[in-house]
């Protein structure tokens, strides 16, 4: 029969109970805390996240016992597996946040999504937040005068205590609580009586004490100095810096032996000042006694006021805690530091297995230290086996299944994605991710340097593999979109190369930052000073990218365009537009490469408009010998009437001429009088009719035969029309056929083609 709350109150029980309640009823979330003193703090925090859907009930974990503390919450009374979305635990971090899994309790606190911790040592550290201490003095004394700069004092105090604090935490991480225990550390950082006239003298005395102990530690343990320094770098990532060490030290020590030793003398001075002010302003003794009594009744004990202090809400640790509660309210669980991607139940299962192995080894007579080493080695081997099996499953099973499904689909894009090895690169990330995530389990009891090195190597491999995955994915996207007709002529490859350069550049910076353990932002800031050098190195790439954007935006160039740039020996079809070059396949099948920025700065000829329009232009002339031009005789006109294309023209023109000459009484005996048709004019009319009769000539565009300015090479007779066939070879055939006919038909009009005399012509004249 259940005798205590722990036997029946679990998250599953509360979830089931909620299902029997009204649909409009609010979900009850029970929050276990360590003691009655903690209820007010957690109640204030959790109340901010209550709404119409949920409310929190803050309570101790036992209804039958007054036992309290973290162990009562997490271990003795409540099994952490019983926690869930309806049952959470709220505890002080103590050293467990800084230990980062070095102990069982630390692992539970840092990795359980339903355990909320203060991150600082305890709630007392929140109450002792330096920025809020002046307000505590004001509330306790009703005097708003600044006597002591609390933030500056505690900052200096933290800086002095910091190096010795690292040694204390380092020993605790090694499960060594005897060499340099917490009470021993507290004795060295305890403040003596403070003289408000010279408040920092007490820090000078503490500095000497700490320095002496620090020198002793470095003398006794010189082999650990580098490890302690590395611990400092690791803790910096957790928010611990020399300026805020007091937030991570034992809370009761900071409150009783540091902060109250500051507040009590400060408040004493402030009360005396207030009493003297009352005495000075009182007009008579009766008024003085009444005012003094009222002031004394309004005063609050400074220790009580300090415990009620809520000015910590701007503290970054409190903001972290609020973010955890917010995440829990949104998703039902909070984020865990190490196993962000791993379900909580899986992690607990692994930890239970390792615990059982450790207990089994100890039961066989194995020393505890050796058992810890063996179970860590076993854990490491298990992690490697799990990673290997996951990799084999992904490569040999999942990828084959995906390939089989892809072959059955009608779409082509999935085939391209698979052929580009996108999924293969993605599968290569599985093993290192598993190792990176689970390796803290194996090396929780060892030095942080070993764990850090392995994680760093895994992280670099994950990053490189991820970059390869993104790179292959971009290539696949490029291949897919290159097949689309509306995008085929866009400079997609140049854009792809630009993204690739940026991707690998950022990736290289991140890799370097991991190797040197620095923030990538700091490296980028350093590179900003070298921007001029980088721009010089990547000048062509930058200019190529900008020019590619201009070419694309202005629609100046596309793949497949016929361009001519004689200055650079380019006359052919554009086959590729990249970040640094534009490749042109010339008509002799040679390849000419031109930088994109030259196409923007220099002039080039693009024949694309010819293809996109309805015809390809023909503009060519034939020189007619001027000596062969004459008036048409009646015999010549009768001959021209027999030509089908000229019959109507000759008759209509002749009728107009006869009417004109008759109207103006022209004497036809003289050829100069009146109007006459010429063989050249009839020839021009014939050419016009002939062009319009050809099926390969576009009638909707300009089609004409015009006579140009006579030269010493005769009269140029130009044919100007558009061929409906735009392909080069057929176009040249149509053009040749037209002029073949023109050259052959010229003698029929008693005309002669002019050409410069050759040697044969001179021989004929001389013979």
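Things worth noting here:
- Efficiency of FRET from Cβ geometry, residue 221 and residue 511, R₀ 25 Å, rounded to 0.05: 0.15
- Residue order for 124, 52, 135, fewest other beta carbons within 10 angstrom first, comes to 52, 135, 124.
- Inter-label distance for residue 152 and residue 393, nm, one decimal - labels placed 7 Å from Cα along Cα-to-Cβ: 6.1 nm
- Three-way shape label, region 612-766, alpha-carbon gyration tensor, a/c 1.5: oblate
- Computed from the C-beta positions of residue 641 and residue 663 and an R0 of 25 Å, the FRET efficiency is 0.60 to the nearest 0.05.
- Across region 612-766, the mean sequence separation of Cα contacts (distance under 8 Å, 6 or more residues apart), normalised by length, yields a relative contact order of 36 percent.
- Calculated FRET efficiency for the pair residue 82/residue 264, C-beta based, R₀ 45 Å, to 0.05: 0.55
- Label-point gap, in nm, between residue 378 and residue 229 - each point 7 angstrom along Cα→Cβ: 3.8 nm
- In terms of its alpha-carbon gyration tensor, region 87-235 comes out oblate; a/c meets the 1.5 threshold, while b/c is at least as large as a/b.
- Residue order, fewest to most surrounding Cβ atoms within 10 angstrom, among 717, 636: 636, 717
- Shape category assigned to region 130-311 from the gyration tensor of Cα positions, a/c cut at 1.5: prolate
- The modelled label-to-label distance for the pair residue 720/residue 673, using points 7 Å beyond Cα in the direction of Cβ, is 3.8 nm.
- Of 267, 128, the sequence from fewest to most neighbouring Cβ atoms within 10 angstrom is 267, 128.
- If the segment from residue 289 to residue 745 were pulled out straight at 0.36 nm per residue, it would be longer than the present Cα-Cα gap by 150.5 nm.
- Theoretical gain in end-to-end length, residue 630 to residue 184 [0.36 nm per residue, Cα-Cα removed]: 147.7 nm
Bear in mind that the values in this text are calculations on the coordinates, not laboratory data. Quantities reported herein were computed from a predicted structural model and do not represent experimental measurements. Note: ideal-geometry Cβ built from the backbone for every residue, glycine included; neighbour counts use all protein chains shown.
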